[in-house]
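Chemist: Just passing along the structure, written as structure tokens.
The values are calculated or read from the model by the stated rules, or taken from the named source; none is laboratory data. Worth saying up front: this structure is predicted, and the values here are computed from it rather than measured. As a convention, Cβ positions derive from the backbone with ideal geometry for all residues, glycine included, and neighbour counts pool all protein chains shown.
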Amino acid sequence: MNVFAALGVNETLTKLLKTQGIKTPTPIQMSAIPNAFKGRDLIGRSQTGTGKTLAYLLPVIQRVETDKAMTQVLIMTPTRELAKQVFDVMRPFAIECGVNGADIIGGRTIENQLQKLKRDPHVIIGTPGRLLDHIRRKSLDLSNVKTVILDEADQMLANGFREDIEALIDETPKKRQLLLFSATMPDDAKRLARKYMHHPAFLDVAEKATASTVEQRIYETTLPRKFKLLVRHLTEMNPYMAVVFTNTREEAHELAGKLQEETDFIVDEIHGDMSQSQRNQVIREFEKARIQVLVASDIAARGLDVEGITHVFNYGIPRNLEYYIHRIGRTGRAGTKGIAITYATPEDGFLLRKLEKSIEETITRYDEKGNVRRVKAGKPKKKVVTPGMYKPTKKKEHKALGHKGRNMRQKRKKEKK
């Protein structure tokens, strides 16, 4: 029996999966699909590139009542790029099942989207800002929604979309299913879950914050020498496809220009100062491997789902440390190996310690020549105190022996008196 069929996926969808070369479910799919079919609220924590898009799309597409012309599924994503990619993944399955879908994102004309919404699509995928805009225009009706999905919820909350998300959920019926997927689980996401979920299933298939398929390195350098070090690494490693992340859109534009001038690589840029059509064009070229080095601000950290990225370079440590996980998640996807290099200057010491603490790892550090400064350490073992290990006070040694801090000698002296 087909493994997807055993999870409840119907024959139409399993056949289509097979034609796409997908035969075995990933861990998040194994856990999420049966729970989603049962109608349970769900929190799925999984690293990027683990197949969580299909983990929610397969059950919701199958459960759509195609004979009813009304919106039944709402999917929210943090970026236009991710919304488009989810829509592209959904399209062949939706067509096969007779499901009508629409992507509602910024950067496109309102008139075009109004036409789409007049057809009452069964599934709507969009970014919170544009979706809320249509709610205010009364062009979007969510009163019949049965399932709400928050994809990359931590990123949406980090971008300040909490109020928009809550306003949109409030437009849906109280008795609806809510599926929340996220690579990390910040406090804001937990609060959102407590407010809107009823006894959710919690699926944590992320063994650690960063994927084991990604080799992480830190190169210690200085601001004046950082660019030359990046150029040297690109030249020596000659990546098949690489993404260089910067902390600002201005830096992305400037760095891309310098790399175009001083290297022979095919370099392009993607950031928030570009129009949606320009960004889409760059992504299409990158997907076709016509761009070897893409310089990106964090706007692309979640939206990029491109096969073949072998290297990620963090030109600066992100101020929002959750971005680090999603940046390096662009490589080492679907079981392939990847390398993530972060450049750290002396000014980054505090941020670096915070980063390692947040991912619960010690990353191997190198100097500019490639000599190891500090080897990646294993997880520190809990210190076990044994008698005689140290004796700062008798009270502490007695605690180690399990006497709860009581000094037995003092007690005996008191008894003798």
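Chemist: Any chance region 73-81 includes a residue that's assigned by TED's automatic domain parsing to the domain that holds Ser46, surrounded by fewer than 21 Cβ atoms within 10 Å (Cβ to Cβ) and modelled with pLDDT of 95 or more?
Modeler: No; the residues of region 73-81 include none that is assigned by TED's automatic domain parsing to the domain that holds Ser46, surrounded by fewer than 21 Cβ atoms within 10 Å (Cβ to Cβ) and modelled with pLDDT of 95 or more.
Chemist: Taking the conditions exactly as written (in contact (Cβ under 8 Å) with a residue 60 or more places away in the chain and out of contact with any Leu (no Cβ under 7 Å at 6 or more places or on another chain)), does Met185 satisfy them or not?
Modeler: In short, yes.
Chemist: Checking Thr331 against (1) assigned to a loop (DSSP other than H, G, I, E, B); (2) surrounded by fewer than 22 Cβ atoms within 10 Å (Cβ to Cβ); (3) out of contact with any helix residue (DSSP H, G or I) (no Cβ under 8 Å at 6 or more places or on another chain); (4) not acidic (Asp, Glu), only one condition comes out false. Which one?
Modeler: All conditions pass for Thr331, except number (2).
Chemist: A follow-up question, please. Mind listing whichever residues of region 359-376 are part of a strand (DSSP E or B) and at pLDDT below 85?
Modeler: Result: Arg373, Arg374.
Chemist: Please identify the pairs in which a residue from region 153-174 that is under 16 Å from Asp133 (Cα atoms) has its Cβ atom under 6 Å from the Cβ atom of a residue that is part of a loop (DSSP other than H, G, I, E, B), counting only partners at least 6 apart or on another chain.
Modeler: Close Cβ pairs (under 6 Å, with a partner that is part of a loop (DSSP other than H, G, I, E, B)) amount to Glu171/Leu142; Thr172/Leu142; Thr172/Val145.
Chemist: Let me ask something else. Check Val99 against each of (1) modelled with pLDDT of 95 or more; (2) in contact with a Leu (Cβ under 6 Å, 6 or more places away or on another chain); (3) not in a helix (DSSP H, G or I) and name the one condition it does not meet.
Modeler: (2)
Chemist: Pick out the one residue from Leu234, Leu229, Leu168 that is surrounded by 14 or more Cβ atoms within 10 Å (Cβ to Cβ) and touching a Ser or Thr at 6+ places or on another chain (Cβ under 6 Å).
Modeler: Leu229
Chemist: Another question about this same structure. If a residue has to be in contact (Cβ under 8 Å) with a residue 24 or more places away in the chain and within 20 Å of Val64 (Cβ to Cβ) to count, how many in region 25-43 make the cut?
Modeler: Residues meeting the conditions: 11.
Chemist: Given the condition under 22 Å from Tyr324 (Cα atoms), touching a Gly at 6+ places or on another chain (Cβ under 7 Å), outside any helix (DSSP H, G or I) and not aromatic (Phe, Trp, Tyr), answer yes or no: does some residue in region 269-286 qualify?
Modeler: Scanning region 269-286 turns up no residue that is under 22 Å from Tyr324 (Cα atoms), touching a Gly at 6+ places or on another chain (Cβ under 7 Å), outside any helix (DSSP H, G or I) and not aromatic (Phe, Trp, Tyr).
A quick yes/no check of all residues on (1) more than 29 Å from Leu168 (Cβ to Cβ); (2) of a type in the set (Asp, Glu):
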position: Arg191; (1), (2): no, no
position: Ala201; (1), (2): no, no
position: Asp204; (1), (2): no, yes
position: Thr235; (1), (2): yes, no
position: Glu261; (1), (2): yes, yes
position: Ile270; (1), (2): no, no
position: Arg284; (1), (2): yes, no
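Chemist: Let me ask something else about it. Somewhere in region 89-96, is a residue under 30 Å from Tyr323 (Cα atoms), surrounded by 18 or more Cβ atoms within 10 Å (Cβ to Cβ) and modelled with pLDDT of 95 or more?
Modeler: Among the residues of region 89-96, at least one is under 30 Å from Tyr323 (Cα atoms), surrounded by 18 or more Cβ atoms within 10 Å (Cβ to Cβ) and modelled with pLDDT of 95 or more, which makes the answer yes.
Chemist: From the list Thr336, Thr345, Thr331, which one is touching a Leu at 6+ places or on another chain (Cβ under 7 Å), in contact (Cβ under 8 Å) with a residue 40 or more places away in the chain and at negative phi?
Modeler: From the options Thr336, Thr345, Thr331, the qualifying one is Thr345.
Chemist: In region 36-69, which residue that is part of a loop (DSSP other than H, G, I, E, B) and in contact with a helix residue (DSSP H, G or I) (Cβ under 6 Å, 6 or more places away or on another chain) is surrounded by the fewest Cβ atoms within 10 Å (Cβ to Cβ)?
Modeler: The extreme case among them is Gly51.
Chemist: Output the residue which, of all residues in region 312-342 that are within 16 Å of the chain's Cα centre (by Cα) and of a type in the set (Val, Ile, Thr), is farthest from Tyr240 (Cα to Cα).
Modeler: Restricting to residues being within 16 Å of the chain's Cα centre (by Cα) and of a type in the set (Val, Ile, Thr), the top hit is Ile325.
Chemist: Considering region 336-358 alone, what residues qualify as being polar (S, T, N, Q) and assigned to a helix (DSSP H, G or I)?
Modeler: Ser358
Chemist: I'd like to know if region 105-115 contains one or more residues that are surrounded by fewer than 13 Cβ atoms within 10 Å (Cβ to Cβ) and assigned to a loop (DSSP other than H, G, I, E, B).
Modeler: Checked against the condition, which is being surrounded by fewer than 13 Cβ atoms within 10 Å (Cβ to Cβ) and assigned to a loop (DSSP other than H, G, I, E, B), region 105-115 yields at least one hit.
Chemist: Does Ile33 qualify as being touching a Leu at 6+ places or on another chain (Cβ under 6 Å), part of a helix (DSSP H, G or I) and surrounded by 18 or more Cβ atoms within 10 Å (Cβ to Cβ)?
Modeler: Criteria met by Ile33.
Chemist: Any idea which of Leu42, Leu82, Leu54, Leu58 is touching a strand residue (DSSP E or B) at 6+ places or on another chain (Cβ under 6 Å) and either more than 27 Å from Gly338 (Cα to Cα) or not aromatic (Phe, Trp, Tyr) (or both)?
Modeler: Leu42
Chemist: Can I ask one more? Among the residues of region 181-201, is any surrounded by fewer than 17 Cβ atoms within 10 Å (Cβ to Cβ) and either in contact with a Ser or Thr (Cβ under 7 Å, 6 or more places away or on another chain) or at positive phi (or both)?
Modeler: yes
Chemist: Is it fair to say Leu259 is out of contact with any strand residue (DSSP E or B) (no Cβ under 6 Å at 6 or more places or on another chain) and assigned to a helix (DSSP H, G or I)?
Modeler: Spelling it out, it is not the case that Leu259 is out of contact with any strand residue (DSSP E or B) (no Cβ under 6 Å at 6 or more places or on another chain) and assigned to a helix (DSSP H, G or I).
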